[in-house]
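Novice: For reference, the structure I am asking about is given below.
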Amino acid sequence: MYTGTPRSPVRRRAQSTFVRPSLRHPARLVPLAFLGVAAVGTGLLSLPISREGSDAAEPITALFTAVSAVCVTGLVTVDTGTYWSGFGEVVIAALMQVGGFGIMTMASLLGLIVSGRMRLSDKLVTATETKMLGLGDVRKVVVRVALVAICVETVVAVILGLQFRFSYDYAPAKAAWYGIFHAVAAFNSGGFALYSDSLESFVTDPVVILPVTIASLVGGIGFPVVVELIRRTFKPSKWSIHTKITVLGTGVLLAAGFVFYLAIEWNNAKTLGPLDIQHKIQAAFFSAAMPRSAGFNAVPTGDLRPETWAVTDILMFIGGGSAGTAGGIKVATFFLLAFVIWAEVRGEPDVSVFGRRIPHSTQRQALTVALMGVAAVACGTIALLFASDAPFDQLLFEVTSAFGTAGLSTGLTGDLNNAGQIVIIVLMFAGRVGTVAVATALALRVRHRRFRFPEERPIVG
C-alpha cells in the first residue's frame, strides 16, 4: 500500500511548468512542426541522389530550397529543373504538399482552439454565422482539407499533363510528372517550376495559365472560405463575416492589380508589349493573381517597371486568405484595418462590417499582425542592405516576396551571398508561420484585469 505524502496542487503545478513548456501552447506547434519538416527536407536534399551529377548539394542550398519549399515560397538560388535530380524534385514536391496541407490544417485547427476559448455568447454568434466547424470537428477539418487539395490538384494535374503530352509532345511519363509537380506547386502556392523561366514560355497558352491561376486562387483564399463557398455558393447573404471580407477583398485586389499591370506594362517591350490584346489581358490577370503568394511569373519579373514593382510589393505584403496556402498579413487583416480607419474617419464608436460589430480585441490583433509584418520587412530590407549592393527597390521586392511567401524574384536571390540567403530564409519562415502563430497566440492570450488605470489622452498626429 502506498504511504507516501500526496503532492499538493501547488507542487503539481510547479512541476508541470518544467514539462515541455514549448509544447504546452498550441500556437507553438506550428513553428516547431515546420522546423522539423524543414530539417528533414534539408537532410534529404543534401544527399548526392538529390542532385544531378555525382556531387551533393551545398548545405546552404539544400537548407534554402527546403525552407522555400515547406514554406511554399518558391524563391530559389539554383535552377530547379537542372540542378536537382528526379528524386530531388520529388522531395521538393513533397515538401510543398506538406507545407501547404500543414498550414491549412493547422491554421484551421488553431482557429477551433481559439473559438473554444471564447465566451459562450461569442461562440453562439460564431456558430450561428458559420454553421460549419466546431471543436468536435477536428477529424472533419483534416478530411475536408485533404479532399479539397486532392480534388483541385488532380484536376489541374490532368489538364496540364494532357496539354504537355499532346500540345508540346512530351513523353507520357514527363508530361504526367510535369503536370503533377506544377499542380502541387500551384495549389499550395509553392512557386517552384521545372522551367528556367518559370511559366514565361506559356504566356500565350490559356490551357496552362488559367488552371494554374485558378488553383493558386483556390488554395490561397483559405480552407474555411472554400468550404463555405461550396456549401453556400448562391447564398451570399448567409456567408460568415470572414468569408464576406475575404471574398470582397480578394476581388478588389485582383481587379486593382489587373488594371495596374495592364496600364503600366501595356507598352513595355520586355513584358506585355509584344503580346496581342487577348494575351495581354491573360498575362495581366495571371500577373495580378501570382503576387497573392503563388510565385509563378509569365513575364520577366526583373523587366517590370519600377511602378509595377511597387504595386507588386503591396499585393505580396497583403497576401491571401487566412488558413490558406498564401502568405502575407492576409486579406481579412488588411481590409479589417481599412474598416477600422473608415469608422474612425466617420467618428463611429464601433467598427461595423456587414451588419456585425467587430470586437476591439480583434482590431488590436489585426493591427499587431500588420505592424509586425511591417517591422519584419523593414528589418529584412536593412539587413540585406548590409549584405548586398543591389538597388533599394530590388532589395525591398525580394524581402517582401520572402515575407509574403510569394516567390517572385527580380533575379537577385541567386546572387546573394550566404548572409543574404540566411536573411531570406528567416523571412520566409517568419512569413509562413509567424502570422498564424502570432495571431493565434494573441487570440489565446486574453487577460481580464480587475482594475483600470486613469485615462489620459496623448496628442495624436
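Novice: Of all residues in the range 350-373, which are assigned to a loop (DSSP other than H, G, I, E, B), under 16 Å from residue 338 (Cβ atoms) and open to solvent by 40 Å² or more (accessible area, probe 1.4 Å)?
Specialist: Within the range 350-373, 350, 354 meet the criteria.
Novice: Across the range 277-300, which residue is farthest from residue 250 (Cα to Cα) among those that are touching a residue at least 60 places away in the same chain (Cβ under 8 Å) and surrounded by fewer than 24 Cβ atoms within 10 Å (Cβ to Cβ)?
Specialist: Filtering first and then ranking leaves 300.
Novice: Let me ask something else. Based on this model, can you work out whether residue 105 counts as among the polar types (S, T, N, Q), in a helix (DSSP H, G or I) and at pLDDT 95 or above?
Specialist: Against the criterion (among the polar types (S, T, N, Q), in a helix (DSSP H, G or I) and at pLDDT 95 or above), residue 105 does not qualify.
Novice: Looking for whichever is within 21 Å of the chain's Cα centre (by Cα), surrounded by fewer than 24 Cβ atoms within 10 Å (Cβ to Cβ) and not basic (Lys, Arg) here; the options are 376, 383. Which one fits?
Specialist: 376
Novice: Next up: Could you please give the count of residues in the range 222-238 that are buried (at least 21 other Cβ atoms within 10 Å of the Cβ) and either assigned to a helix (DSSP H, G or I) or free of Cβ contacts under 8 Å to residues at least 12 places away in the same chain (or both)?
Specialist: Total satisfying the criteria: 6.
Novice: Tell me which residues, restricted to the range 278-326, are out of contact with any helix residue (DSSP H, G or I) (no Cβ under 6 Å at 6 or more places or on another chain) and among the basic types (Lys, Arg).
Specialist: If the condition is that a residue be out of contact with any helix residue (DSSP H, G or I) (no Cβ under 6 Å at 6 or more places or on another chain) and among the basic types (Lys, Arg), then 280 is the only one that fits.
Novice: So, one more: Out of the residues in the range 320-349 meeting the condition of being out of contact with any Gly (no Cβ under 7 Å at 6 or more places or on another chain) and in a loop (DSSP other than H, G, I, E, B), tell me which one is least open to solvent (accessible area, probe 1.4 Å).
Specialist: It comes out as 347.
Novice: Name, by its number, the condition in (1) under 22 Å from residue 393 (Cβ atoms); (2) touching a residue at least 12 places away in the same chain (Cβ under 8 Å); (3) part of a helix (DSSP H, G or I) that does not hold for residue 314.
Specialist: (2)
The values are calculated or read from the model by the stated rules, or taken from the named source; none is laboratory data. These numbers come from a predicted model, not from an experiment. For neighbour counting, all protein chains shown are included, and Cβ atoms are generated from backbone atoms with ideal geometry for every residue, glycine included. Remember, those area values only see protein heavy atoms, side chains included, never the ligands or the DNA or RNA. Shrake-Rupley method; radii C 1.70, N 1.55, O 1.52, S 1.80 Å.
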